[in-house]
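Since the structure comes first, as structure tokens, the remarks are kept for the end.
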Amino acid sequence: MSLAVNMSRMRADLTSLSSIGRMTGGGITRTSFSAADLAAREWYQARCAQAGLVLRTDGIGNMFAEARGTGTAGGAGPAPAAVWSGSHLDTVPDGGAFDGAVGAVAALECVRRLAEERVELARPVRAVVFADEEGNYNHLLGSTAIARDFTRDELAAMTGRDGDRLVDAVTAIGWNPDALAGNQVDPEQVYAFVELHIEQGPNLEASGTDIGVVTSIVAMGGAVAEFRGRADHAGTTPMTRRQDPLRSAAQLIAALPAITAAVSDTAVATCGKLVTFPGGANVVPALVRMLLDYRDPDAGRLARLDEQLIAAARQAAAAHDVTLRWTAERPVAPVELDPRVRSAIDVRARGLGLSAVAMPSGAGHDAQNMATLAPTGMIFVPSRDGRSHSPAEHTDWEDIENGANVLLATLTHLATTGLSGPVSAAG
Ligand code: GLV
Ligand code: MN
Ligand code: MN
């Protein structure tokens, strides 16, 4: 009988974690670097301390936990490259209890179980919690810093969902803004990475499949579009004499379905936040700030989508006599996940008597940054009705237990036997 996770402990962990940032309407708001995010970090640190794990936090807020004496954190001399696993504790505003939390808690549980059973490993297993996966300041902030680092200029210019600067946000919580840079990880430290996550789509539930073995992750772009016009009196300014930036924003939003359809049938684009300034019912707005998120599985098509969106935004600005400032995030490249890790997951899932299917991910994940450092794989478990980024997000405990056991078996395999099989995706 293979080693299994302690599901009652995992369930208790996920339940207590879900009370942090819980809103009266039932959703969870644990956006990064907020008080709730800090509370979740303390919660995680306490869990690690209770389990006797060594925990390290880097300068941008990524946390790494492992059994004492197994790695660079506690061992003597150079440690072998570790098998990493983890996800994120931050949430979108008014999100659910499972996105990120399942993978972060399952990785912690795997490290705990391996330590408790004193499983002899050829290389350590390290649990990781990535900072700001949801992009309160930058999509996949922490894992990007690990994979390629940010320049000091990029960090200084980075603003959040509410328009505040990242450097101010971390200073306000007592962190050192200078430490945001220089957190890149040497790929030699990472043997492989595996992330467990809820599917956030309807396919596993619809097909009655237990486990998704992720093949690829979508390319993502993001931008802040600011339309600037002129504040005027809502009663006395004739409709023909206005420079109303909200009209431009409305024109751009209304054009999103046609723009995406012209690029591909998989392209998506969303305006998830729009702020008008100064924001009075009787004031023609002077400024509109809108946040855009756009994706396609193909990098070339994402670049086309980016061009089409900028062109449409320029047109929308000109049509209403306002100006446009477009600030783009650096796009996140799509990735193919490693066939050897995929196969290790698939074999472990079937070995546990579970059904498994290969599938792409339309959601972004820290795994796509980790894939630039080391062979990477992802395990999906079903989401009820495919709902996510919503308080309606739900995954059954049994599915979480299945996913966590597949994760534990895969990590154990990678940390003992290691990677095997063809490197190429063919076959
Ligand atoms: C991450 O949740 C994403 O935005 O896909
Ligand atoms: Mn997530
Ligand atoms: Mn998410």
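Values in this text are rule-based calculations from the coordinates and carry no lab data. Being a predicted model, the structure only gives us computed values, none of them experimental. Counting neighbours? That spans all protein chains shown, and the Cβs are built from the backbone with ideal geometry, glycine included.
Could you calculate the contour length gain from N203 to A303, that is, 0.36 nm times the residue separation minus the distance between their Cα atoms, to one decimal place in nm?
Working: separation 100, 0.36 × 100 = 36.00 nm, distance 2.75 nm.
Length gained between N203 and A303: 33.3 nm.
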_Exposed loop sites here are GluC sites (Glu not before Pro) in DSSP loop states with at most 12 other C-beta atoms within 10 Å. What is the longest stretch of the chain lacking them?_
121-427
*At most 14 other Cβ within 10 Å, DSSP loop - trypsin sites (Lys or Arg not before Pro), the stretch 97-139*: R118
*Principal axes first, then extents: for the Cα atoms of the chain, list largest minus smallest coordinate on each axis, whole Å, largest first.*
78, 47, 40
*Once every DSSP H run of n ≥ 4 in the chain is given -39500 (n - 2.57) and the sum is divided by its residues, what mean residue ellipticity at 222 nm do you get, rounded to the nearest 500 deg cm²/dmol?*
-10500 deg cm²/dmol
*Which distance in Å, rounded to a whole number, links the C-alpha centroids of the stretch 378-410 and the stretch 195-209?*
7 Å
*Hey, if you put +1 on the Cβ of every Lys and Arg and -1 on every Asp and Glu Cβ in the stretch 165-281, which of A234, V214, F277 ends up farthest toward the positive end of that dipole?*
A234
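Among L141, L305, L14, rank each residue by its count of other Cβ atoms within 10 Å, from fewest to most, as a rough exposure measure.
Values: L141 30, L305 25, L14 20.
If I rank by nearby Cβ atoms, fewest first, I get L14, L305, L141.
Any idea what the relative contact order of the chain is, in percent, if you count C-alpha pairs under 8 Å spaced at least 6 apart?
Numbers: 929 pairs, mean separation 92.3, N = 427.
Computed value for the chain: 22 percent relative contact order.
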